[in-house]
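See structure below.
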Amino acid sequence: MSTLAAIERHPHALAVLGSALEPGGKPSHAYLFHGPPGAGKAAAARAFAAELLAEGAANPDGVRDRAERESHPDLTWVRASGASEMRRADIDEPVVAAAARRPFESSKRVFVIEGADTMNAEAANRMLKTLEEPASYVHLVLLTDRPEQVLPTISSRCLAVRFDAPTEAQLEEQLGARGIAPEVAQACAKLALGDANRALAMALGEGAQQRANAERFARCARHNKLSDQPWTALINLAQTLAAATEDRLNEEAKAEAESLPKRERNKYEKDAKADAHRIWRRVRTTALDEGLRLTGLWYRDLACIADGAPELIYAVDRRTELEADAAGLSSHRLRDAIALVDATRASLSIYPDDQLQLEALAYRLARTLS
């Protein structure tokens with residue numbers, strides 16, 4: 001059974017990728033999947049890779065299943081190990097060296113590279129080698145949210161495939177199919193701003209707790225009730241998510257190191273630990289940024305009510321709370337509050353003391369909204 005259902009709502013992608021998979025079709029050696037976050041690029045890459053690897057297999061459904069779980073030996077999924085960039089080490093062995101080796105089971109090898117726009121110059125130069133001289137069995141799928149940031153030497157050698165953000169109606173339908181109550185599904189679809197991954201997390205995963213923490217932070221600042229330090233819940237959740245990621249990466253590195261010669265093991269473990277800590281910081285900052293994004297959207301909804309446009313609010317499942325918070329506030333003060341939140345979001349990746357930043361933000365918001 002084909003897995004291309006993941007691509008069906010993207011007409012451009014379906015036209016390009018579907019024709020490549022038809023009998024007699026000729027898949028390109030390199031694709032650049034581009035579109036906003038949560039548009040479905042990664043899911044489409046899994047589906048496309050699954051179809052490429054299943055071609056000619058004795059058990060195609062089994063191949064597709066392993067590809068979807070990223071456990072097929074001829075599918076390599078590459079993610080940046082750095083805090084903000086993909087480095088040469090991320091490309092050298094996983095892509096350049098591996099692409100020179102023939103497939104283990106399939107007639108093809110597929111490499112999916114997330115965040116193609118984050119490749120530094122060294123990584124891009126190494127990737128260029130494989131793009132310029134690909135083996136006949138190699139297919140590269142590069143993913144990016146920011147196609148304009150991908151180096152022209154890379155993007156010009158790839159077939160571009162566009163993915164559009166899902167509509168609110170499509171997101172609501174997806175959430176409804178998972179049993180989410182209609183009003184909650186509508187709110188999550190609106191608050192996600194077209195990001196399907198974000199909408200799902202908000203409705204089903206840790207995003208629900210993150211949303212609750214952000215709303216409490218926003219409301220405590222609104223009513224100048226800061227004695228309970230509402231920013232700590234945002235920080236604690238970010239810490240939990242980051243620590244879980246770091247622990248998982250360290251365990252994976254430890255298992256990988258066991259297969260290395262002893263003289264290489266210590267250096268590998270040291271480098272892997274440093275990489276894991278950089279990613280820890282990235283996950284933590286991303287989680288805090290999401291909490292502040294939701295804080296800003298709470299004040300945005302209050303501004304809609306203050307301006308006499310309650311039909312424009314996003315958090316439709318919190319209408320009563322929003323109306324209570326909006327009482328007596330002007331949209332001018334709320335816009336000032338949103339600007340404070342945005343300024344703190346911009347500084348999170350620059351200044352390391354995020355607890356101090358969130359605490360300072362809370363008191364500034366309280367002064368602005370009192």
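The table for this structure:
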quantity: Cross-chain or 6+ apart pairs with Cβ under 7 Å, region 309-337 first and among the aliphatic types (A, V, I, L, M), then part of a loop (DSSP other than H, G, I, E, B) and surrounded by 13 or more Cβ atoms within 10 Å (Cβ to Cβ); calculated: 322/313; 322/315
quantity: Which numbered condition residue 347 fails, given (1) surrounded by fewer than 13 Cβ atoms within 10 Å (Cβ to Cβ); (2) under 30 Å from residue 80 (Cβ atoms); (3) in contact (Cβ under 8 Å) with a residue 40 or more places away in the chain; calculated: (3)
quantity: Test: residue in region 240-255 that is crowded, with 18+ Cβ neighbours inside 10 Å, among the acidic types (Asp, Glu) and touching a helix residue (DSSP H, G or I) at 6+ places or on another chain (Cβ under 8 Å); calculated: yes
quantity: Any hit, region 122-144, residues being assigned to a helix (DSSP H, G or I) and under 30 Å from residue 341 (Cα atoms); calculated: no
quantity: Condition broken by residue 198, with the remaining ones in (1) under 30 Å from residue 167 (Cβ atoms); (2) of a type outside the set (A, V, I, L, M); (3) touching a Gly at 6+ places or on another chain (Cβ under 7 Å); (4) at pLDDT below 85 satisfied; calculated: (4)
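This table checks each residue for (1) without any contact (Cβ under 8 Å) to a residue 40 or more places away in the chain; (2) among the β-branched types (Val, Ile, Thr).
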position: 210; (1), (2): no, no
position: 235; (1), (2): no, yes
position: 241; (1), (2): no, no
position: 244; (1), (2): yes, no
position: 268; (1), (2): yes, no
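The values are calculated or read from the model by the stated rules, or taken from the named source; none is laboratory data. This is a predicted model, so every value here is computed, not measured. Backbone-built Cβ (ideal geometry, glycine too); neighbour counts: all protein chains shown.
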